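Notes to accompany the following structure.
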Amino acid sequence: MHNLPAVLVGPVGDRSSRFAWRGLMIDSARTRHTVPVIKQVIALAARYGFNRLHWHLTDDQGWRFDVPEYPRLTEAAAYLPRGNFDDYDSLLGDTRQRAIDEAPEKWTNGYYTDDEIADVVAHASAHGIVIVPEVDVPGHMKAAIEVYPELGRPVGLPLPEGSMREHMWWPARNDLLWPTDAARDFVASIMRRVAELFPGPYVHIGGDECAYQQWSSDPQMGEWLALRGVSGVEALQAWFMDGAASVLKENGKSVAVWDEACEIWDAEDTLVVAWDEARGMERIGRASQPYIFADARTLYLNRVDPDSPQPQKGMIPAISVDDLLTAPWPETRDERCIGIQACVWSEFVLDGADLTSLLFPRLLAVAERIWNPNLDVVQAREAIARECEVLKAFGHLDTPTVTPDEMVMANGT
Ligand code: ACM
């Protein structure tokens, strides 16, 4: 970044890191962060030695890039109204209500045009950061299914008995693609498109939180399983992942997945991003693939910072700088662990100011863990505080202004 003195945390002096993947995940599906915000985050992350931006671009609440064969994705799925996340618990105080109140002024949706994606990719590349786009299959597909209902649960088929909460450990419905030809073609098209838009070697294909009960409750599912030549609903998820991966491989890409997928899909050459707390750490313990350590208990920075001077909107339990500096993280010592990644989900992140407040100072503590394996907590804490003062003094923690073009996009016009 321009004008800044030598960095005080992370890649200081001649430090090196054993971690090839130094990642930050940003969720632009729940909030379409503006391009200036994404570019600022990239520039700051690069200063602290991060080299991967895992960019979550599709989810139940929004779709963020153009796929010419499926125009309703950008005409409609990019402009769904913001939900209230009523099912979410584990929120700090009045997070949900504050987000509802603030959204009309702050929240942006829409999609990234091809030119904007090329601009972000080039900016990232100039900063030594590879973009790893994520399109999450076969779950978390509600936005696409809302505009192309033929991709999902047969219309009119009742939902499984009982409350959704009893049925799945994730509170949202987490709509799944159905194993139809339409959904198979859709997956192939979106993967071809992602491969075209993003030059980096990796595409993340999700695979988290599939509520199999949804598939099992379809009386036709036995026929579907037979047609697809698979033994059960877990194998059906693997069928979807295979479909996505084969298109990506034809296009020269490697595949990354969330840790749930490594349990049901034994593709050897995938990279696993391990997020799911104790369950996730057990899964990678049983798996053989290389993995990225992104344990939600310390690395989900959408969980609030208890020391934040500003009131934050976010999840609990809180994660402090000291938690990050002192967590044991035994999984990071395994040689299969090739990286560490912080993640910020955006259900309650409405704008750049919200994002910056969650990232700083804690991203600096993550950088210290990545670059300084023998860190001294007192020294690291001081260096982080001084570095944050530098960032503030140079105005780098101010939110970039939204350009007029982006306001047009934000308003959906
Ligand atoms: C995740 O947090 N569902 C990857």
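Brief remarks follow.
- Considering residues of region 270-319 that are among the acidic types (Asp, Glu) and farther than 17 Å from Cys337 by Cβ only, the residue surrounded by the fewest Cβ atoms within 10 Å (Cβ to Cβ): Asp307
- Some residue of region 6-21 being crowded, with 24+ Cβ neighbours inside 10 Å, in contact (Cβ under 8 Å) with a residue 40 or more places away in the chain and in a strand (DSSP E or B): yes
- Selection of region 332-363 for residues being away from the ligand (no atom under 16 Å from the Cβ) and in a strand (DSSP E or B) yields Cys337, Ile338.
- Residue in region 193-206 that is farthest from the ligand (Cβ to nearest atom), counting only those that are of a type outside the set (A, V, I, L, M, F, W, C) and within 15 Å of Leu57 (Cβ to Cβ): Glu196
- For region 189-230, the tally of residues that are modelled with pLDDT under 95 and among the hydroxyl-bearing types (Ser, Thr, Tyr) stands at 3.
- Options Leu324, Leu350, Leu397: the member that is under 22 Å from Leu53 (Cβ atoms), modelled with pLDDT under 95, surrounded by 16 or more Cβ atoms within 10 Å (Cβ to Cβ) and not small (Gly, Ala, Ser): Leu397
- In the set (1) of a type in the set (A, V, I, L, M); (2) farther than 30 Å from Trp21 by Cα; (3) in contact with a helix residue (DSSP H, G or I) (Cβ under 9 Å, 6 or more places away or on another chain); (4) surrounded by fewer than 18 Cβ atoms within 10 Å (Cβ to Cβ), the condition left unmet by Leu73 is number (4).
- Checking each residue in region 309-331 for being of a type outside the set (D, E, K, R), away from the ligand (no atom under 16 Å from the Cβ) and assigned to a loop (DSSP other than H, G, I, E, B) picks out Pro309, Gln310, Pro311, Gln312, Ala318, Ser320, Ala327, Pro328, Trp329.
- Going through (1) part of a helix (DSSP H, G or I); (2) modelled with pLDDT under 95; (3) polar (S, T, N, Q) one by one, Asn174 falls short only on (1).
Here is a yes/no grid of residues against (1) out of contact with any His (no Cβ under 8 Å at 6 or more places or on another chain); (2) not small (Gly, Ala, Ser):
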| residue | (1), (2) |
| --- | --- |
| Arg22 | yes, yes |
| Ile26 | no, yes |
| Arg30 | yes, yes |
| Ala43 | no, no |
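- Condition check for Val230: of a type in the set (Val, Ile, Thr), in contact with a helix residue (DSSP H, G or I) (Cβ under 9 Å, 6 or more places away or on another chain) and either in a helix (DSSP H, G or I) or within 16 Å of the ligand (Cβ to nearest atom) (or both): no
- Number of positions in region 240-262 that are farther than 22 Å from Gly200 by Cα and surrounded by fewer than 19 Cβ atoms within 10 Å (Cβ to Cβ): 0
- Considering (1) outside any helix (DSSP H, G or I); (2) touching a strand residue (DSSP E or B) at 6+ places or on another chain (Cβ under 6 Å), the lone condition that Val366 does not fulfil carries the number (1).
- Ile38 touching a His at 6+ places or on another chain (Cβ under 6 Å), β-branched (Val, Ile, Thr) and on the phi < 0 side of the Ramachandran plot: no
- Of Gly83, Gly62, all but one fail to be free of Cβ contacts under 8 Å to residues at least 60 places away in the same chain and of a type in the set (Gly, Ala, Ser); the exception is Gly83.
- In the set (1) under 30 Å from Asp218 (Cβ atoms); (2) within 21 Å of the chain's Cα centre (by Cα); (3) at pLDDT 95 or above; (4) not charged (D, E, K, R), Val147 fails one condition alone, (2).
- Scanning region 59-118 for residues that are under 30 Å from Phe198 (Cα atoms), of a type in the set (Phe, Trp, Tyr) and either in a loop (DSSP other than H, G, I, E, B) or more than 21 Å from the chain's Cα centre (by Cα) (or both) yields Tyr70, Trp107, Tyr111.
- Restricting attention to region 288-309, the residues being in contact with a strand residue (DSSP E or B) (Cβ under 6 Å, 6 or more places away or on another chain) and either of a type in the set (Gly, Ala, Ser) or more than 27 Å from Leu350 (Cβ to Cβ) (or both) number 6.
The values are calculated or read from the model by the stated rules, or taken from the named source; none is laboratory data. Everything quoted here is computed from the prediction, not taken from an experiment. With ideal geometry, Cβ positions are generated from the backbone for all residues, glycine too; neighbour counts draw on all protein chains shown.
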